[in-house]
Amino acid sequence: MTDFDALDVIVVGGGGAGLAAAVSAAEQGAQVALFESERELGGSTQLSAGMFTAAGTSVQRGLGVEDTAERHFQHYMDLNQWQLKPGLIRAFCAAAGPTLEWLLGLGLDVPAAVSPDAHTPGLCRAGVEDVWRGHVPRDQGYGLVQVLDRARRERGVEVVLGTRVERLLYEEGRVTGVVADGIEVRAGAVVVASGGLARDPGLLDRHYPAARAAGEALFVVAAPGSRGDHIAFAEQTGSALTGHGWGLMLPTAYFQRYHHWQAGFPPKSRVYVNGAGRRFMDEDASYAVSSGIILAQDGPVWAVFDEKARLGLPPGYADWTPDRIAEEARTGRLLSAASPAELAAAMGVPADALTATLARWNARLAATGRDPEFLREESLAAKGSPQPPDPIAAGPFYAARILPAELVCTHTGLEIDQDAAVLDHTGTAVPGLFAAGEAGGGVLGMRYVGGGNAVANALTMGRIAGRGAARGR
Ligand SMILES: Cc1cc2nc3c(=O)[nH]c(=O)nc-3n(C[C@H](O)[C@H](O)[C@H](O)COP(=O)(O)OP(=O)(O)OC[C@H]3O[C@@H](n4cnc5c(N)ncnc54)[C@H](O)[C@@H]3O)c2cc1C
């Protein structure tokens, strides 16, 4: 039975970062209590695919993939244009592989098998890395949370559900505990693992205004607890924030309202066309880069496809279905026309350019399986779909506006060092305070380094934070 008067560590938030922190602190012999604002554990981690980016793992070795933490580090820094602290990122990349092994040891199942997507257990292409680093666990984010929940129970970590931490206890320059339900609870150290701020429109305006640019198309898939409570904790303790203006927005159609597991997928046989009426990207490019490419275009971006593609959409999804497309076209919000030239007129793009774009598609990728300009065949092969897509030739033709509008996670967090200790505005560690996951800033950067970036951050830095908190710095 946990004695709440003799706690070593309090963890705020029971998603991936919080559970990893609680388990690792308990492994060091600490008395740990975890407060979770919702009625169940899991947060965004539980909603996620659970994909975990890591290098030099036994799963990679099982598939003959040679990789090192140093290569992971180089890729991570390059993609983020070296705007992150190299010391922190090196520590993260060095610890990500061992953290995955730790999870496997706790019972997580990631088979040494090639996976074509974020749903099939195994190793998949996570982003634009040169070797595959995306580890997809069985039962996805739910599986991750189950494994950690069992581990924390076995180690005697007390969980208090339905209890939102209101503020931290900050006395004589040290964090000494938390206040929840008006009750003060003390501990040697506190780990803030309360997730991101995607659910708070005011905080989004302040810390990730780019998300609001999606206007009415914006929808948030992050867990309900992502209210950004860490921002108030920072103000209260004089802690620094970092990661301002960064987060992950996935490209979606303007009419989509659900993550693709529920929304469904746009047709394979589609081209993304810019204001010049031309293709400008591999339509299956990783979201490590796809949102940035779309935002770099002048004017709106459209997904163009034909009637055969519409009719071929599989049933059972919420958004990308034949009926939903027909309904959107009927309202006029989704453009449709009998010919490419008429569609171009409706889109406001040059008719000759759109006609040439579709002719090139039909003569190249659809006919030969090769896309010399954008190498889409490589993405299709990585997704386990190497067959050439259909031509786009059967009217009516459709154009759906595509934009980054699905908000997954936010990156503004309490600035942490390589031990996950929170820093104040002078760069000095705040005694007794650690942070991890979306609430801990500095690892998630301007570029999302492919699927698995955020779960790896949460679990890896959570585990490090738990160890540090158990030492009671
Ligand atoms: C649909 C979806 C799919 C995703 N897929 C992937 C993926 O495959 N790979 C990947 O890397 N990333 C993915 N992400 C992002 C990733 O899941 C998250 O960034 C990561 O899991 C965040 O972990 P966390 O522990 O920081 O936050 P969370 O898992 O959200 O946990 C934070 C917890 O803190 C609780 N909390 C908040 N405030 C308080 C408070 N004041 N007191 C007590 N408790 C509080 C919340 O209720 C929540 O349970 C996905 C996200 C979503 C939404």
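Every residue in segment 461-473 that is closer than 14 Å to ILE89 by Cβ and within 11 Å of the ligand (Cβ to nearest atom), please.
Across segment 461-473, the qualifying residue is only MET461.
Enumerate the helices (runs of 4 or more DSSP H) found wholly within segment 34-87, keeping only those where 3 or more residues are more than 21 Å from the chain's Cα centre (by Cα).
Ranges flagged: 58-62.
Which one of ARG174, ARG90, ARG153 is of a type in the set (Lys, Arg) and closer than 30 Å to GLU40 by Cβ?
From the options ARG174, ARG90, ARG153, the qualifying one is ARG153.
Collect the residues in segment 112-150 that are in a strand (DSSP E or B) and within 12 Å of the ligand (Cβ to nearest atom), keeping them in residue-number order.
Correct list: CYS124, GLY134, HIS135, VAL136.
For (1) modelled with pLDDT under 95; (2) farther than 26 Å from ALA288 by Cβ; (3) touching a Cys at 6+ places or on another chain (Cβ under 6 Å), each residue gets a yes or a no:
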site	(1), (2), (3)
ALA210	yes, no, no
ALA214	yes, no, no
PRO224	no, yes, no
HIS230	no, no, no
GLY238	no, yes, no
GLY243	no, no, no
LEU248	no, no, yes
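Please give the strands (runs of 3 or more DSSP E) falling wholly within segment 163-277 in which 3 or more residues are touching a residue at least 12 places away in the same chain (Cβ under 8 Å), within 25 Å of ARG471 (Cα to Cα) and more than 11 Å from the ligand (Cβ to nearest atom).
The strands (runs of 3 or more DSSP E) meeting that bar are 174-180, 183-192.
Tell me, which residue of segment 23-33 that is more than 14 Å from the ligand (Cβ to nearest atom) and not in a helix (DSSP H, G or I) is surrounded by the fewest Cβ atoms within 10 Å (Cβ to Cβ)?
Within segment 23-33, the subset more than 14 Å from the ligand (Cβ to nearest atom) is 25-32.
Checking which are not in a helix (DSSP H, G or I) leaves us with 28-32.
On the way: GLN28: 16, GLY29: 10, ALA30: 23, GLN31: 20, VAL32: 30.
Among them, the one singled out is GLY29.
Give the residue, chosen from GLY64, GLY105, GLY16, GLY43, that is out of contact with any Phe, Trp or Tyr (no Cβ under 9 Å at 6 or more places or on another chain) and over 28 Å from VAL191 (Cα atoms).
Numbers: GLY105 fails: over 28 Å from VAL191 (Cα atoms); GLY16 fails: over 28 Å from VAL191 (Cα atoms); GLY43 fails: over 28 Å from VAL191 (Cα atoms).
When all the criteria are applied, what remains is GLY64.
For segment 403-459, which residues satisfy the criterion of being more than 14 Å from the ligand (Cβ to nearest atom) and acidic (Asp, Glu)?
Passing the criteria: GLU415, ASP417, ASP419, ASP424.
Could you look through segment 271-298, keep only residues that are among the aromatic types (Phe, Trp, Tyr) and more than 18 Å from the chain's Cα centre (by Cα), and pick out the one that is farthest from LEU79 (Cα to Cα)?
TYR272
Looking at ARG360, is it in a helix (DSSP H, G or I), among the basic types (Lys, Arg) and closer than 25 Å to GLY292 by Cβ?
yes
Test TRP302 against the criterion of being of a type outside the set (A, V, I, L, M) and either touching a His at 6+ places or on another chain (Cβ under 8 Å) or part of a helix (DSSP H, G or I) (or both), and give yes or no.
no
Would you be able to say whether some residue in segment 8-16 is part of a loop (DSSP other than H, G, I, E, B), modelled with pLDDT of 95 or more and closer than 26 Å to ASP117 by Cα? Quick ask: steps written out before the conclusion?
Our first condition is that a residue be part of a loop (DSSP other than H, G, I, E, B); within segment 8-16, this holds for 13-15.
Checking the rest, the ones that are also modelled with pLDDT of 95 or more come to 13-15.
Now narrow it down to the ones that are closer than 26 Å to ASP117 by Cα: 15.
Within segment 8-16, one or more residues are part of a loop (DSSP other than H, G, I, E, B), modelled with pLDDT of 95 or more and closer than 26 Å to ASP117 by Cα.
Going through ARG90, ARG61, ARG39, ARG71 one at a time, which residue ends up being at pLDDT 95 or above, within 15 Å of the ligand (Cβ to nearest atom) and surrounded by fewer than 24 Cβ atoms within 10 Å (Cβ to Cβ)?
ARG39
Where residues in segment 224-264 are among the aromatic types (Phe, Trp, Tyr) and within 19 Å of ALA210 (Cβ to Cβ), which of them is surrounded by the fewest Cβ atoms within 10 Å (Cβ to Cβ)?
That would be TYR254.
Yes/no matrix, rows are residues, columns are (1) small (Gly, Ala, Ser); (2) assigned to a loop (DSSP other than H, G, I, E, B); (3) within 34 Å of the chain's Cα centre (by Cα); (4) surrounded by fewer than 21 Cβ atoms within 10 Å (Cβ to Cβ):
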| position | (1), (2), (3), (4) |
| --- | --- |
| ALA329 | yes, no, yes, yes |
| GLU342 | no, no, no, yes |
| VAL349 | no, yes, yes, no |
| LEU354 | no, no, yes, no |
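The values are calculated or read from the model by the stated rules, or taken from the named source; none is laboratory data. The shown structure was predicted, so the numbers you read here are calculated from the model rather than taken from an experiment. Methodologically, a virtual Cβ is constructed for each residue, glycine included, from the backbone with ideal geometry; neighbour enumeration extends over all protein chains shown.
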